[in-house]
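**Student:** If you scroll down you'll find the structure; I have some questions about it.
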Amino acid sequence: MNRKLISLILFSIAMAYLEASVVVYLRKIYYPGGFSFPLKQIETKMLIIEIGREIATLLMILSIAYIFGTTLRKRFITFLLAFGIWDIFYYAWLKLLINWPLSLLEDDLLFLVPIPWISPVIAPVIVSSFFILIYVLESKFADKSPTFKRSAIFLLAAGTTLILISFMWDINERIKSNSPVEFLWGVFIAGIILWVASLFITYGTKEKIMATEKLKLGSKAPDFSLEGVDGKTYSLGSFKEKEALIVIFSCNHCPYVQAYEDRIIKIQEDYAGTVQIVTINSNDDVKYPEDSFEEMKIRAVKKKFNFPYLRDETQETAKAYGATHTPEIFLFDKNRELSFHGKIDDNWQEPSAVKQNYLRDALDELLSGKEISVPETFTIGCTIKWK
């Protein structure tokens, strides 16, 4: 467990204590005989302050997730982890401080934003445990970073909707109810089942080892004639003096590509004398205008690319190589025979956490005349956007 993760966990636990201590004070004021339903009316000013406190709490968790994460996906799962730990320890601190709840089935007022949420304590604990599970799965599969399929996203959204309904349905009547307050257990459980199905689709399916059926190891590199952002036209012959050629199918908008850009630049810099990298963008720029040729020129200047960045307008080059993802790596030897295919390293999100540099290791072995120990890996990234 790294120091950043330990810091995040400690922050979340400390935030939970602050939250619990405020609730202890509020209950001492409004529920001196012990918290129970129906809820008591509080003055408007105090209600506004309480809503502000909830919003501030969420903003603090969002802020810490933004600081700790390096990509949108990483920030999202970091938020889930921080929220899950905070929520569970909130109840743990309340149990320690005032011996509440006596049971996980006791009713609680969860949030006031945008309208009040009410459920037995066990419901948010289950949700928060699920959030932590997502972080654990993402960490376990960090080197694979499974793609969120449309079906998984739909199930996740549907499950979330059902869970929110179970928390917020008929809220005006439930606030006035005596404990135990009615709760839609069937709706809540259905939502959790959909969440589980979404996770199974995302993390329970095996990744393909080779993303292409077109090029096998030892296959000759298909030639191409493509225009680069510098106005020049490039082909395999443009790099004939190099000992090795790395063809990378890339683009502008993909977060995986963006996470790897600096590493690609550094590889070209470190192997400049003997190796040439060329990146090719084959994405449909009608549906994805951020991948247009003009945007490619802007990106190349902004990132100071030290390698050709080519536009595959017809997508024929991507099809010839059998490419399916961005970034997808094809390493060819002096004879332009495929020597390595796959991904750059084993951690697209955190460069400092990389344990295996697949591309660099393959390059070093190739250039020293050794057999490449890992010639293939599965390919991760965004799918190429076909026309």
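The values are calculated or read from the model by the stated rules, or taken from the named source; none is laboratory data. These numbers come from a predicted model, not from an experiment. Note: ideal-geometry Cβ built from the backbone for every residue, glycine included; neighbour counts use all protein chains shown.
**Student:** Determine whether segment 173-183 contains at least one residue that is within 30 Å of G69 (Cα to Cα) and touching a helix residue (DSSP H, G or I) at 6+ places or on another chain (Cβ under 8 Å). Spell out the reasoning first.
**Tutor:** Taking segment 173-183 first, the residues within 30 Å of G69 (Cα to Cα) are none.
Within segment 173-183 (the criterion being within 30 Å of G69 (Cα to Cα) and touching a helix residue (DSSP H, G or I) at 6+ places or on another chain (Cβ under 8 Å)), the answer is no, since none of the residues qualifies.
**Student:** Among the residues of segment 11-31, write down those that are within 15 Å of F83 (Cβ to Cβ) and not small (G, A, S).
**Tutor:** F11, I13, M15, L18, E19
**Student:** Can you find a residue that is at pLDDT 95 or above, acidic (D, E), surrounded by fewer than 22 Cβ atoms within 10 Å (Cβ to Cβ) and farther than 23 Å from G218 by Cα anywhere in segment 264-275?
**Tutor:** Yes: segment 264-275 contains one or more residues that are at pLDDT 95 or above, acidic (D, E), surrounded by fewer than 22 Cβ atoms within 10 Å (Cβ to Cβ) and farther than 23 Å from G218 by Cα.
**Student:** While we're here: So which residues in segment 161-183 are buried (at least 19 other Cβ atoms within 10 Å of the Cβ) and more than 13 Å from F37 (Cβ to Cβ), if there are any at all?
**Tutor:** Once the filter is applied, which keeps residues that are buried (at least 19 other Cβ atoms within 10 Å of the Cβ) and more than 13 Å from F37 (Cβ to Cβ), segment 161-183 yields L162, I163, S166, F167.
Quick grid of which residues meet (1) more than 24 Å from D285 (Cβ to Cβ); (2) in contact (Cβ under 8 Å) with a residue 60 or more places away in the chain:
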{"site": "T326", "(1), (2)": "no, yes"}
{"site": "R336", "(1), (2)": "yes, yes"}
{"site": "N347", "(1), (2)": "yes, yes"}
{"site": "V354", "(1), (2)": "yes, no"}
{"site": "D361", "(1), (2)": "yes, no"}
{"site": "E365", "(1), (2)": "yes, no"}
{"site": "K387", "(1), (2)": "no, yes"}
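**Student:** Continuing with the same structure: Would you confirm whether or not segment 37-45 contains a residue that is surrounded by fewer than 16 Cβ atoms within 10 Å (Cβ to Cβ) and either at pLDDT 95 or above or assigned to a helix (DSSP H, G or I) (or both)?
**Tutor:** Narrowing segment 37-45 to residues surrounded by fewer than 16 Cβ atoms within 10 Å (Cβ to Cβ): 38, 40-45.
Next, from what is left, pick out any that are either at pLDDT 95 or above or assigned to a helix (DSSP H, G or I) (or both): 44-45.
Yes; the residues of segment 37-45 include at least one that is surrounded by fewer than 16 Cβ atoms within 10 Å (Cβ to Cβ) and either at pLDDT 95 or above or assigned to a helix (DSSP H, G or I) (or both).
**Student:** Working carefully through the options Y260, Y288, find the one that is buried (at least 21 other Cβ atoms within 10 Å of the Cβ) and of a type in the set (S, T, Y). First the steps, then the outcome.
**Tutor:** Working: Y288 fails: buried (at least 21 other Cβ atoms within 10 Å of the Cβ).
So the residue among Y260, Y288 that is buried (at least 21 other Cβ atoms within 10 Å of the Cβ) and of a type in the set (S, T, Y) is Y260.
**Student:** Going through Q315, Q268, Q276 one at a time, which residue ends up being of a type outside the set (D, E, K, R) and under 27 Å from T71 (Cα atoms)?
**Tutor:** Values: Q315 fails: under 27 Å from T71 (Cα atoms); Q276 fails: under 27 Å from T71 (Cα atoms).
Answer to the check: Q268.
**Student:** Out of all the residues in segment 281-289, is one or more among the hydrophobic types (A, V, I, L, M, F, W, C), closer than 24 Å to L366 by Cα, out of contact with any Pro (no Cβ under 9 Å at 6 or more places or on another chain) and not in a strand (DSSP E or B)?
**Tutor:** no
**Student:** Among the residues of segment 54-87, what is the count of those that are surrounded by fewer than 20 Cβ atoms within 10 Å (Cβ to Cβ), more than 14 Å from E350 (Cα to Cα) and either touching a Ser or Thr at 6+ places or on another chain (Cβ under 7 Å) or small (G, A, S) (or both)?
**Tutor:** Of the residues in that region, 2 qualify.
**Student:** On the basis of being at pLDDT 95 or above and in a helix (DSSP H, G or I), does E294 make the cut?
**Tutor:** Details: at pLDDT 95 or above: yes; in a helix (DSSP H, G or I): yes.
Yes.
**Student:** What's the number of the only condition in (1) at pLDDT 95 or above; (2) within 31 Å of the chain's Cα centre (by Cα); (3) farther than 27 Å from S339 by Cα that S282 fails to meet?
**Tutor:** (3)
**Student:** Now a separate question. Tally the residues that are surrounded by 15 or more Cβ atoms within 10 Å (Cβ to Cβ) and in a loop (DSSP other than H, G, I, E, B), restricting the search to segment 113-122.
**Tutor:** Filtering segment 113-122 down to residues surrounded by 15 or more Cβ atoms within 10 Å (Cβ to Cβ) leaves 116-122.
Those left that are additionally in a loop (DSSP other than H, G, I, E, B): 116-117, 121.
So the answer is 3.
**Student:** State which residue pairs qualify: first residue assigned by TED's automatic domain parsing to the domain that holds Y321 and closer than 13 Å to H253 by Cβ and inside segment 264-289, second residue at pLDDT 95 or above and hydroxyl-bearing (S, T, Y) in any location, beta carbons under 6 Å apart, and separation of 6 or more residues or different chains.
**Tutor:** If the second residue must be at pLDDT 95 or above and hydroxyl-bearing (S, T, Y), the pairs left are N281/S250; D285/S292.
**Student:** Do we have any residue at all in segment 59-67 that's farther than 30 Å from H253 by Cα, outside the structural domain of W348 (by TED's automatic domain parsing), touching a residue at least 40 places away in the same chain (Cβ under 8 Å) and under 20 Å from the mean Cα position of the chain (by Cα)? If you could, list the steps in order and put the result at the bottom.
**Tutor:** From segment 59-67, those farther than 30 Å from H253 by Cα are none; that's our starting set.
Taking every residue of segment 59-67 in turn, none turns out to be farther than 30 Å from H253 by Cα, outside the structural domain of W348 (by TED's automatic domain parsing), touching a residue at least 40 places away in the same chain (Cβ under 8 Å) and under 20 Å from the mean Cα position of the chain (by Cα).
**Student:** Turning to a different aspect of this structure: Taking interchain pairs and intrachain pairs at least six residues apart, which have beta carbon atoms under 9 angstrom, with the first residue in segment 292-311 and touching a residue at least 40 places away in the same chain (Cβ under 8 Å) and the second basic (K, R)?
**Tutor:** Here the result reads F293/R311; M296/R311; F305/R299; P308/K232; Y309/K297; Y309/R299, each pair linking segment 292-311 to a residue that is basic (K, R).
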